2 protein chains.
Amino acid sequence: MIRTAVVIAAGGSGVRMGGDTPKQFRPLAGRPVLMHSVERFHTALPDAQIIITLPVGESARWEELCRKYDFAIAHSITHGGATRCESVRNALEICAGCDYIAVHDGARPLVSVELILRLLDDAVAYDAAIPVVAPVDSFRIIEGDIESDSGRCIDRSRLRAVQTPQIFAAPLLRAAYAAPAEGAFTDDASLVERLGVAVHLSRGEPFNIKITHQADFAIAEALLRPD
Amino acid sequence: MIRTAVVIAAGGSGVRMGGDTPKQFRPLAGRPVLMHSVERFHTALPDAQIIITLPVGESARWEELCRKYDFAIAHSITHGGATRCESVRNALEICAGCDYIAVHDGARPLVSVELILRLLDDAVAYDAAIPVVAPVDSFRIIEGDIESDSGRCIDRSRLRAVQTPQIFAAPLLRAAYAAPAEGAFTDDASLVERLGVAVHLSRGEPFNIKITHQADFAIAEALLRPD
């Protein structure tokens, strides 16, 4: 049997959205966003060890929410570091005896069970797998000054938006986090690639969205509603 | 007074979505998507000439919808060509006496009046202006074989998703469409740039989405609902 650990990264303060409740704690269709994310993984991988990274000082609030919502899925908690990278590194310290580790954004509550299982299959086949989707919009890239009002058009057909879960052979992800990190890494795949390992691009889902803006709650609720 | 023409590109068959009704004709919050898009421009620019490009053979259906919904905003119709580029070129032939031309995707019904007016201001200042937003996801770019399962990470902070309306000084857009086009152009700005003219990147809106998938209707309805 493949032993899997799931790190749900919910260490961010959600400051982009305003308010004093981190977005992962806010209710979506009746319960906190983060509970949806955890439940999807528990359904897909009932035996997986689940570790949630929380913002520093937020564990009492989370435990209160778990009581309030009778949230019974077993999980461990670790405190988020200053960055996403530090949060995941903390979580890796308490993953024990697993073959594969999935890292997922707590703010992507719409991930499907099918997507999780497909990514795990691909991780077993390729050691490192991440879900991607082809974007609908055209894109430009800013060259030179980042505040510039001009940018070069890039070929949309070659562009892929990267989602989570990103799943890796456990020793590989540990090695990636053990290597000294310089600069900003927005995802785990980029860290793994520094080791010279190729990351497999798997098929993602258009509606595996990351809740970022206030209106994303209305969007996610619309997507959760049965047709 | 600035004279403006608006080309609403609705010539696509919406085949990505399936079904036999083009997506721009399907109802969103009580009336066809395309009517929302036209209304937003009419509210922002009541004196603008509005030209809609329709798929070949769909004008009878559109006229029927206009009767059914008592749609009274004056507009012209032109038939879409084989490509978006050809559709817009057809529409330019019936724009008369305008100083600026806006080109908008018919499937972006959530564009705000503020965005339209801001883009027109920027077009007046810079001759060519397009709305862009910073993406939330990380992105990768496929190098080499387009079917490849690997891709290079790109710096998200430099990436901008491009929306519409794209607004141009009329002579500039006409010149761009008069020049022989080679290859595929996904937006008007790319055509204009071939003339050596810089396109100004203006601030877009995260929820100025392009309706592409069936579930985008539920998303757009959620966004249209008052809080």
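The values are calculated or read from the model by the stated rules, or taken from the named source; none is laboratory data. Everything numeric here is computed off the predicted structure, so don't read it as measured data. A quick note on method: Cβ atoms are made from the backbone with ideal geometry, for glycine too, and the neighbour counts reach across all protein chains shown.
Right, residue B:109: within 30 Å of residue A:190 (Cα to Cα), at pLDDT 95 or above and touching a Ser or Thr at 6+ places or on another chain (Cβ under 7 Å) or not? Lay out the reasoning, then the answer.
Numbers: within 30 Å of residue A:190 (Cα to Cα): no; at pLDDT 95 or above: yes; touching a Ser or Thr at 6+ places or on another chain (Cβ under 7 Å): yes.
No; evaluated as a whole, the condition is false for this residue.
For the structure I just gave you, tell me whether residue B:135 is more than 8 Å from chain A (Cβ to nearest Cβ), buried (at least 16 other Cβ atoms within 10 Å of the Cβ) and modelled with pLDDT of 90 or more.
On the way: more than 8 Å from chain A (Cβ to nearest Cβ): no; buried (at least 16 other Cβ atoms within 10 Å of the Cβ): yes; modelled with pLDDT of 90 or more: yes.
So residue B:135 does not fit the description; no.
Just one of (1) polar (S, T, N, Q); (2) within 14 Å of chain A (Cβ to nearest Cβ); (3) outside any loop (DSSP other than H, G, I, E, B) trips up residue B:87, so point out which.
The failed condition is (2).
On the basis of being assigned to a loop (DSSP other than H, G, I, E, B), among the basic types (Lys, Arg) and buried (at least 22 other Cβ atoms within 10 Å of the Cβ), does residue B:140 make the cut? Break it down stepwise before answering.
Details: assigned to a loop (DSSP other than H, G, I, E, B): no; among the basic types (Lys, Arg): yes; buried (at least 22 other Cβ atoms within 10 Å of the Cβ): yes.
So residue B:140 fails the test.
What are the residues in segment A:150-191 that are surrounded by fewer than 16 Cβ atoms within 10 Å (Cβ to Cβ), modelled with pLDDT of 90 or more and part of a loop (DSSP other than H, G, I, E, B), if any?
Matches in segment A:150-191: none.
Report, ordered by the first and then the second residue, all pairs with beta carbons closer than 8 Å, sequence separation of six or more or different chains, a first member in segment B:143-163 that is more than 7 Å from every other protein chain (Cβ to nearest Cβ), and a second member that is acidic (Asp, Glu).
Short answer, once both residue conditions are applied: B:152/B:143.
Specify which of the listed residues (B:99, B:127, B:122, B:155) is more than 20 Å from the chain's Cα centre (by Cα) and of a type outside the set (Ser, Thr, Tyr). Steps first, answer last, please.
Numbers: B:99 fails: more than 20 Å from the chain's Cα centre (by Cα); B:127 fails: more than 20 Å from the chain's Cα centre (by Cα); B:122 fails: more than 20 Å from the chain's Cα centre (by Cα).
Answer to the check: B:155.
For (1) closer than 20 Å to residue B:175 by Cα; (2) among the small types (Gly, Ala, Ser); (3) touching a strand residue (DSSP E or B) at 6+ places or on another chain (Cβ under 9 Å), each residue gets a yes or a no:
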residue: B:88; (1), (2), (3): yes, no, yes
residue: B:99; (1), (2), (3): yes, no, yes
residue: B:107; (1), (2), (3): no, yes, yes
residue: B:112; (1), (2), (3): no, yes, no
residue: B:116; (1), (2), (3): no, no, yes
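Which of (1) of a type in the set (Asp, Glu); (2) within 28 Å of residue A:176 (Cα to Cα); (3) modelled with pLDDT of 95 or more does residue A:63 not meet, given it meets every other one?
Here residue A:63 meets the rest and fails (2).
Yes or no, residue by residue, for (1) more than 18 Å from residue A:120 (Cβ to Cβ); (2) at pLDDT below 95; (3) of a type outside the set (A, V, I, L, M, F, W, C); (4) over 15 Å from the mean Cα position of the chain (by Cα):
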| site | (1), (2), (3), (4) |
| --- | --- |
| A:4 | no, no, yes, yes |
| A:35 | yes, no, no, no |
| A:40 | no, no, yes, no |
| A:44 | no, no, no, yes |
| A:57 | yes, yes, yes, yes |
| A:68 | yes, no, yes, yes |
| A:83 | yes, yes, yes, no |
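Hey, any hits in segment A:167-179 for a residue that's within 7 Å of chain B (Cβ to nearest Cβ), touching a residue at least 12 places away in the same chain (Cβ under 8 Å) and of a type in the set (Val, Ile, Thr)?
First pass over segment A:167-179, keeping only residues within 7 Å of chain B (Cβ to nearest Cβ): none.
There is no residue in segment A:167-179 that is within 7 Å of chain B (Cβ to nearest Cβ), touching a residue at least 12 places away in the same chain (Cβ under 8 Å) and of a type in the set (Val, Ile, Thr).
From the list B:119, B:110, B:34, exactly one residue is within 14 Å of another protein chain (Cβ to nearest Cβ), part of a helix (DSSP H, G or I) and in contact (Cβ under 8 Å) with a residue 12 or more places away in the chain. Which is it? Working first, answer last.
Values: B:110 fails: part of a helix (DSSP H, G or I); B:34 fails: within 14 Å of another protein chain (Cβ to nearest Cβ).
Just a single option satisfies the conditions, and that option is B:119.
Between a first residue in segment B:204-227 that is at the interface with chain A (Cβ under 7 Å from one of its Cβ atoms) and a second residue that is of a type in the set (Asp, Glu), which pairs have beta carbons less than 8 Å apart while being 6 or more apart in sequence or on different chains?
Once the first residue is at the interface with chain A (Cβ under 7 Å from one of its Cβ atoms) and sits in segment B:204-227, its partners that are of a type in the set (Asp, Glu) give B:210/A:137; B:210/B:105; B:210/B:216; B:222/A:221.
Specify which of the listed residues (A:103, A:124) is part of a strand (DSSP E or B) and out of contact with any Lys or Arg (no Cβ under 6 Å at 6 or more places or on another chain).
Working: A:124 fails: part of a strand (DSSP E or B).
Criteria check complete, one pass: A:103.
So which residues in segment B:201-227 are farther than 18 Å from residue A:223 by Cα and either out of contact with any strand residue (DSSP E or B) (no Cβ under 8 Å at 6 or more places or on another chain) or crowded, with 20+ Cβ neighbours inside 10 Å (or both)?
Taking segment B:201-227 and keeping what is farther than 18 Å from residue A:223 by Cα, we get B:201-205.
Hits for segment B:201-227 are B:201, B:202, B:204.
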